[in-house]
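First comes the structure, then the notes that go with it.
The values are calculated or read from the model by the stated rules, or taken from the named source; none is laboratory data. In this text, all values refer to a predicted model and were calculated from it rather than measured experimentally. Ideal geometry is used to build each Cβ from the backbone, glycine not excepted, and the neighbour counts take in all protein chains shown. Quick note on the areas: whole protein, heavy atoms, side chains included, nothing else; ligands and nucleic acids left out. Shrake-Rupley method; radii C 1.70, N 1.55, O 1.52, S 1.80 Å.
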Amino acid sequence: MSARGSSTNEAALLTSLRNGDEAAYTALVDEYGPGMRRVALSFVRSSAVADEVVQEAWLGALRGLDRFEGRASLKTWLFRIVANIARTHAVREARSLPFSSLELESEVRAPHEPALPPDRFQGPDGQFPRGWASFPLQWISQPEGALLSAETCIVIAETIASLPPGQRLVITLRDVEGWDAREVCSVLELSETNQRVLLHRARSKVRAALEDYLTNEAQ
Amino acid sequence: MSELSCQEIIEVVTDYLEDAMPPEERQRFEHHLSYCPGCVTYVEQIRETIELTGRIPREEALPAALREGLLTQFRTWRRG
(Lines give C-alpha, C1' and ligand atoms only; values in the text may rest on other atoms or scores of the structure.)
Protein backbone atom coordinates (compact mmCIF):
# COMPACT_ATOMS: atom_id res chain seq x y z
CA MET A 1 0.00 0.00 0.00
CA SER A 2 1.27 3.43 -0.81
CA ALA A 3 1.44 5.42 2.38
CA ARG A 4 -0.58 8.61 2.55
CA GLY A 5 2.63 10.63 2.65
CA SER A 6 3.89 9.33 -0.66
CA SER A 7 1.82 11.68 -2.83
CA THR A 8 4.87 13.76 -3.80
CA ASN A 9 6.65 10.60 -4.95
CA GLU A 10 3.50 9.60 -6.75
CA ALA A 11 3.30 12.91 -8.58
CA ALA A 12 6.94 12.61 -9.61
CA LEU A 13 6.38 9.03 -10.72
CA LEU A 14 3.40 10.06 -12.84
CA THR A 15 5.39 12.77 -14.53
CA SER A 16 8.16 10.28 -15.35
CA LEU A 17 5.63 7.80 -16.71
CA ARG A 18 3.94 10.39 -18.88
CA ASN A 19 7.37 11.26 -20.23
CA GLY A 20 7.93 7.63 -21.16
CA ASP A 21 10.55 6.86 -18.48
CA GLU A 22 11.06 3.10 -18.69
CA ALA A 23 12.82 2.82 -15.32
CA ALA A 24 9.82 4.39 -13.57
CA TYR A 25 7.50 2.00 -15.38
CA THR A 26 9.63 -1.03 -14.55
CA ALA A 27 9.74 -0.08 -10.88
CA LEU A 28 5.97 0.19 -10.83
CA VAL A 29 5.50 -3.12 -12.64
CA ASP A 30 7.77 -4.84 -10.12
CA GLU A 31 6.02 -3.24 -7.17
CA TYR A 32 2.38 -3.85 -8.12
CA GLY A 33 2.56 -6.38 -10.95
CA PRO A 34 2.73 -9.53 -8.77
CA GLY A 35 -0.18 -8.34 -6.61
CA MET A 36 -2.19 -7.43 -9.71
CA ARG A 37 -1.66 -10.92 -11.06
CA ARG A 38 -2.73 -12.50 -7.76
CA VAL A 39 -5.87 -10.36 -7.74
CA ALA A 40 -6.58 -11.36 -11.36
CA LEU A 41 -6.18 -14.98 -10.30
CA SER A 42 -8.84 -14.63 -7.65
CA PHE A 43 -11.31 -13.64 -10.39
CA VAL A 44 -10.29 -16.00 -13.16
CA ARG A 45 -9.13 -19.58 -12.95
CA SER A 46 -6.54 -19.92 -15.66
CA SER A 47 -3.12 -18.35 -15.22
CA ALA A 48 -2.95 -17.65 -18.96
CA VAL A 49 -6.10 -15.57 -18.67
CA ALA A 50 -4.71 -13.85 -15.56
CA ASP A 51 -1.59 -12.89 -17.53
CA GLU A 52 -3.80 -11.46 -20.27
CA VAL A 53 -5.74 -9.48 -17.68
CA VAL A 54 -2.52 -8.00 -16.26
CA GLN A 55 -1.27 -7.09 -19.70
CA GLU A 56 -4.56 -5.43 -20.67
CA ALA A 57 -4.66 -3.61 -17.36
CA TRP A 58 -1.24 -2.03 -17.86
CA LEU A 59 -2.10 -1.03 -21.38
CA GLY A 60 -5.33 0.50 -20.12
CA ALA A 61 -3.43 2.30 -17.38
CA LEU A 62 -0.85 3.73 -19.81
CA ARG A 63 -3.56 4.91 -22.15
CA GLY A 64 -5.53 6.40 -19.29
CA LEU A 65 -2.56 8.10 -17.61
CA ASP A 66 -3.63 11.53 -18.77
CA ARG A 67 -7.05 11.03 -17.27
CA PHE A 68 -5.71 9.93 -13.89
CA GLU A 69 -6.53 12.76 -11.52
CA GLY A 70 -5.01 11.44 -8.34
CA ARG A 71 -8.29 11.30 -6.46
CA ALA A 72 -7.50 7.70 -5.54
CA SER A 73 -3.94 6.54 -4.95
CA LEU A 74 -2.11 5.21 -7.96
CA LYS A 75 -2.25 1.74 -6.41
CA THR A 76 -6.03 1.85 -5.94
CA TRP A 77 -6.46 3.17 -9.46
CA LEU A 78 -4.33 0.36 -10.94
CA PHE A 79 -6.11 -2.36 -8.98
CA ARG A 80 -9.49 -0.97 -9.94
CA ILE A 81 -8.50 -1.34 -13.58
CA VAL A 82 -7.36 -4.92 -12.95
CA ALA A 83 -10.58 -5.75 -11.12
CA ASN A 84 -12.75 -4.37 -13.91
CA ILE A 85 -10.90 -6.22 -16.65
CA ALA A 86 -10.69 -9.42 -14.62
CA ARG A 87 -14.43 -9.27 -13.94
CA THR A 88 -15.16 -9.11 -17.66
CA HIS A 89 -12.90 -12.07 -18.32
CA ALA A 90 -14.40 -14.04 -15.43
CA VAL A 91 -17.89 -13.56 -16.81
CA ARG A 92 -16.67 -14.77 -20.20
CA GLU A 93 -14.92 -17.73 -18.54
CA ALA A 94 -18.09 -18.55 -16.62
CA ARG A 95 -19.89 -19.47 -19.81
CA SER A 96 -17.87 -22.64 -19.96
CA LEU A 97 -17.07 -23.20 -16.27
CA PRO A 98 -19.36 -23.54 -13.27
CA PHE A 99 -18.94 -20.12 -11.77
CA SER A 100 -21.48 -18.35 -9.67
CA SER A 101 -22.57 -14.79 -10.24
CA LEU A 102 -20.02 -12.04 -9.84
CA GLU A 103 -22.68 -9.69 -8.68
CA LEU A 104 -21.08 -9.17 -5.31
CA GLU A 105 -23.93 -7.19 -3.87
CA SER A 106 -26.40 -9.94 -4.67
CA GLU A 107 -24.08 -12.46 -3.05
CA VAL A 108 -24.43 -10.43 0.13
CA ARG A 109 -28.19 -10.82 -0.02
CA ALA A 110 -27.90 -14.62 -0.26
CA PRO A 111 -29.63 -16.44 2.61
CA HIS A 112 -27.88 -16.10 5.96
CA GLU A 113 -25.25 -18.78 6.46
CA PRO A 114 -24.51 -19.30 10.15
CA ALA A 115 -20.82 -19.16 11.13
CA LEU A 116 -21.33 -22.54 12.85
CA PRO A 117 -24.14 -25.10 12.58
CA PRO A 118 -26.95 -24.59 15.12
CA ASP A 119 -26.17 -27.92 16.82
CA ARG A 120 -23.02 -26.39 18.26
CA PHE A 121 -25.33 -24.44 20.58
CA GLN A 122 -27.89 -25.32 23.21
CA GLY A 123 -31.55 -25.09 22.28
CA PRO A 124 -34.02 -22.68 23.86
CA ASP A 125 -34.59 -25.13 26.73
CA GLY A 126 -30.90 -25.64 27.52
CA GLN A 127 -29.27 -24.44 30.71
CA PHE A 128 -27.83 -21.52 28.74
CA PRO A 129 -30.15 -21.01 25.75
CA ARG A 130 -28.08 -20.43 22.60
CA GLY A 131 -24.90 -20.93 24.59
CA TRP A 132 -22.18 -23.36 23.53
CA ALA A 133 -23.24 -27.03 23.64
CA SER A 134 -19.58 -27.61 24.38
CA PHE A 135 -16.77 -25.05 24.21
CA PRO A 136 -14.60 -24.96 21.08
CA LEU A 137 -11.46 -27.07 21.59
CA GLN A 138 -8.06 -25.45 21.78
CA TRP A 139 -6.01 -25.71 18.60
CA ILE A 140 -2.62 -27.29 18.28
CA SER A 141 -0.41 -24.23 18.46
CA GLN A 142 1.32 -23.15 15.29
CA PRO A 143 4.95 -22.09 15.56
CA GLU A 144 5.17 -18.30 15.57
CA GLY A 145 7.17 -16.58 12.87
CA ALA A 146 8.31 -19.90 11.44
CA LEU A 147 6.94 -21.21 8.18
CA LEU A 148 3.46 -22.66 8.32
CA SER A 149 3.26 -26.36 7.66
CA ALA A 150 2.42 -27.19 4.07
CA GLU A 151 -0.79 -28.91 5.25
CA THR A 152 -2.00 -25.82 7.12
CA CYS A 153 -1.40 -23.70 4.00
CA ILE A 154 -3.32 -26.18 1.89
CA VAL A 155 -6.28 -26.19 4.30
CA ILE A 156 -6.46 -22.38 4.15
CA ALA A 157 -5.83 -22.05 0.41
CA GLU A 158 -8.34 -24.75 -0.53
CA THR A 159 -11.01 -23.30 1.70
CA ILE A 160 -10.52 -19.86 0.17
CA ALA A 161 -10.59 -21.33 -3.34
CA SER A 162 -13.92 -23.03 -2.59
CA LEU A 163 -15.67 -19.82 -1.44
CA PRO A 164 -18.22 -17.94 -3.56
CA PRO A 165 -16.46 -15.21 -5.61
CA GLY A 166 -17.27 -12.24 -3.38
CA GLN A 167 -16.11 -13.94 -0.18
CA ARG A 168 -13.03 -15.24 -1.95
CA LEU A 169 -12.08 -11.81 -3.29
CA VAL A 170 -12.65 -9.99 -0.02
CA ILE A 171 -10.69 -12.42 2.17
CA THR A 172 -7.90 -12.57 -0.43
CA LEU A 173 -7.50 -8.81 -0.51
CA ARG A 174 -7.97 -8.25 3.21
CA ASP A 175 -6.22 -11.18 4.84
CA VAL A 176 -3.87 -12.63 2.22
CA GLU A 177 -2.82 -9.32 0.63
CA GLY A 178 -3.23 -7.31 3.82
CA TRP A 179 -5.24 -4.41 2.35
CA ASP A 180 -7.36 -2.20 4.57
CA ALA A 181 -11.15 -2.16 4.36
CA ARG A 182 -11.34 1.16 2.51
CA GLU A 183 -9.09 -0.01 -0.31
CA VAL A 184 -11.08 -3.20 -0.75
CA CYS A 185 -14.39 -1.31 -0.85
CA SER A 186 -12.98 1.09 -3.37
CA VAL A 187 -11.52 -1.53 -5.70
CA LEU A 188 -14.48 -3.92 -5.54
CA GLU A 189 -17.06 -1.13 -5.40
CA LEU A 190 -18.66 -2.51 -2.26
CA SER A 191 -20.19 -0.65 0.67
CA GLU A 192 -18.34 -1.04 3.97
CA THR A 193 -21.20 -3.05 5.41
CA ASN A 194 -21.29 -5.48 2.51
CA GLN A 195 -17.53 -5.84 2.54
CA ARG A 196 -17.79 -6.80 6.21
CA VAL A 197 -20.58 -9.31 5.59
CA LEU A 198 -18.49 -11.10 2.95
CA LEU A 199 -15.37 -10.97 5.11
CA HIS A 200 -17.29 -12.39 8.06
CA ARG A 201 -18.61 -15.35 6.10
CA ALA A 202 -15.21 -16.06 4.59
CA ARG A 203 -13.29 -15.87 7.88
CA SER A 204 -15.89 -18.01 9.65
CA LYS A 205 -15.44 -20.74 7.04
CA VAL A 206 -11.66 -20.63 7.12
CA ARG A 207 -11.81 -20.82 10.92
CA ALA A 208 -14.13 -23.82 10.73
CA ALA A 209 -11.77 -25.59 8.32
CA LEU A 210 -8.80 -24.87 10.59
CA GLU A 211 -10.80 -26.10 13.58
CA ASP A 212 -11.41 -29.38 11.80
CA TYR A 213 -7.77 -29.74 10.93
CA LEU A 214 -6.13 -28.39 14.08
CA THR A 215 -8.30 -30.25 16.57
CA ASN A 216 -8.72 -33.61 14.82
CA GLU A 217 -4.94 -33.92 14.64
CA ALA A 218 -4.77 -33.54 18.38
CA GLN A 219 -7.18 -36.32 19.25
CA MET B 1 -29.17 -4.18 28.74
CA SER B 2 -29.91 -7.64 27.38
CA GLU B 3 -27.13 -10.21 27.25
CA LEU B 4 -25.71 -11.49 23.98
CA SER B 5 -25.79 -15.26 23.52
CA CYS B 6 -22.78 -17.25 22.32
CA GLN B 7 -24.58 -17.92 19.05
CA GLU B 8 -24.95 -14.16 18.56
CA ILE B 9 -21.35 -13.44 19.57
CA ILE B 10 -19.89 -15.55 16.77
CA GLU B 11 -22.01 -13.67 14.22
CA VAL B 12 -20.86 -10.22 15.30
CA VAL B 13 -17.21 -11.03 15.95
CA THR B 14 -16.16 -9.44 12.64
CA ASP B 15 -17.99 -6.21 13.47
CA TYR B 16 -16.16 -6.28 16.80
CA LEU B 17 -12.72 -6.86 15.29
CA GLU B 18 -13.36 -4.31 12.53
CA ASP B 19 -14.33 -1.74 15.12
CA ALA B 20 -17.71 -1.33 13.49
CA MET B 21 -19.87 -1.63 16.60
CA PRO B 22 -21.81 1.07 18.39
CA PRO B 23 -20.21 1.62 21.85
CA GLU B 24 -23.15 0.06 23.68
CA GLU B 25 -23.01 -3.17 21.69
CA ARG B 26 -19.25 -3.26 22.10
CA GLN B 27 -19.79 -3.10 25.83
CA ARG B 28 -22.27 -5.99 25.70
CA PHE B 29 -19.80 -7.97 23.60
CA GLU B 30 -16.92 -7.41 26.01
CA HIS B 31 -19.15 -8.11 28.98
CA HIS B 32 -19.99 -11.51 27.48
CA LEU B 33 -16.29 -12.28 26.99
CA SER B 34 -15.66 -11.44 30.64
CA TYR B 35 -17.52 -14.56 31.76
CA CYS B 36 -17.54 -16.93 28.74
CA PRO B 37 -14.32 -18.92 28.11
CA GLY B 38 -15.85 -20.59 25.02
CA CYS B 39 -16.33 -17.25 23.27
CA VAL B 40 -12.90 -16.05 24.39
CA THR B 41 -11.45 -19.12 22.64
CA TYR B 42 -13.59 -18.47 19.57
CA VAL B 43 -12.49 -14.84 19.24
CA GLU B 44 -8.86 -15.90 19.72
CA GLN B 45 -9.27 -18.49 16.98
CA ILE B 46 -10.68 -15.91 14.57
CA ARG B 47 -7.65 -13.71 15.29
CA GLU B 48 -5.39 -16.70 14.71
CA THR B 49 -7.24 -17.49 11.47
CA ILE B 50 -6.50 -13.96 10.23
CA GLU B 51 -2.87 -14.26 11.26
CA LEU B 52 -2.38 -17.68 9.64
CA THR B 53 -4.15 -16.58 6.44
CA GLY B 54 -1.69 -13.69 6.22
CA ARG B 55 1.18 -16.16 6.31
CA ILE B 56 0.30 -18.46 3.43
CA PRO B 57 2.95 -18.15 0.73
CA ARG B 58 2.23 -15.85 -2.21
CA GLU B 59 3.81 -15.73 -5.60
CA GLU B 60 6.16 -12.78 -5.24
CA ALA B 61 7.48 -12.35 -8.78
CA LEU B 62 5.89 -12.02 -12.19
CA PRO B 63 6.55 -14.85 -14.64
CA ALA B 64 9.53 -13.71 -16.74
CA ALA B 65 7.59 -13.88 -20.02
CA LEU B 66 4.79 -11.70 -18.68
CA ARG B 67 7.24 -9.13 -17.30
CA GLU B 68 9.03 -9.04 -20.64
CA GLY B 69 5.68 -8.66 -22.43
CA LEU B 70 4.78 -5.72 -20.19
CA LEU B 71 8.05 -3.96 -20.99
CA THR B 72 7.62 -4.55 -24.73
CA GLN B 73 4.10 -3.18 -24.47
CA PHE B 74 5.45 -0.06 -22.77
CA ARG B 75 7.98 0.58 -25.53
CA THR B 76 5.26 0.22 -28.16
CA TRP B 77 2.98 2.57 -26.23
CA ARG B 78 5.78 5.13 -25.89
CA ARG B 79 6.40 5.10 -29.63
CA GLY B 80 2.68 5.44 -30.39
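With Rh defined as the Kirkwood radius, the inverse of the mean 1/r over Cα pairs, the Rg/Rh of the stretch A:146-219 is 1.03.
In this label model, A:ASP180 and B:GLN27 are separated by 2.8 nm, measuring between points 7 Å along each Cα→Cβ vector. For peptide A:194-207, what's the mean number of Cβ atoms from other chains within 10 Å of each residue's Cβ? Per residue, the average neighbour count from other chains is 4. Largest accessible area first, the residues A:SER162, A:SER191, A:SER73 order themselves as A:SER162, A:SER191, A:SER73 under a 1.4 Å probe with ligands, DNA and RNA left out. Applying a 4.7 Å Cβ-Cβ cutoff to the protein assembly as shown leaves A:CYS153, A:CYS185, B:CYS6 as cysteine residues with no disulfide-compatible partner. Summed over both chains, the area buried between A and B is near 4700 Å², taken from the accessible surface of protein heavy atoms with a 1.4 Å probe. Computed on the Cα atoms alone, the convex hull of the stretch A:108-164 gives a volume of 142 cubic angstrom per residue.
When the alpha carbon gyration tensor of chain B is reduced to an equivalent ellipsoid, the three semi-axes, largest first, read 49, 16, 7 Å. Give me the log10 of I(q) over I(0) for the stretch B:1-43 at q = 0.30, 0.32 Å⁻¹, as the Debye formula computes it from C-alpha points; what are the numbers? Once normalised to I(0) and log-transformed, intensities are -1.21, -1.34. Of the solvent-accessible surface of chain A, computed with a 1.4 Å probe over protein heavy atoms with every protein chain present, carbon and sulfur atoms account for 53 percent.
Computed over protein heavy atoms with a 1.4 angstrom probe, the accessible surface ordering of A:ASP175, A:ASP212, largest first, is A:ASP212, A:ASP175. Go ahead and run the numbers for FRET between B:GLU8 and A:THR215, Cβ-Cβ distance against an R0 of 22 Å, rounding to 0.05. Between B:GLU8 and A:THR215 the formula returns 0.40. Roll a 1.4 angstrom probe over the protein heavy atoms and tell me the percent of accessible area of chain B that is carbon or sulfur. Whole-percent figure for carbon plus sulfur exposure: 51. Simple spin-label estimate for A:LEU14 and B:ASP19 gives 2.8 nm between the two label positions (7 Å along the Cα-to-Cβ direction from each Cα).
Axis of helix A:192-216 versus longest Cα principal axis of chain A: the two differ by about 50°, to the nearest ten degrees. Taking Rh as the Kirkwood radius computed over C-alpha pairs, what is the Stokes-Einstein D of the protein assembly as shown at 37 °C in a medium of viscosity 0.692 mPa s, expressed in µm² per second? The diffusion coefficient I find is 154 µm²/s. Distance between the 7 Å Cα→Cβ label points at A:GLU69 and A:ALA48: 4.1 nm.
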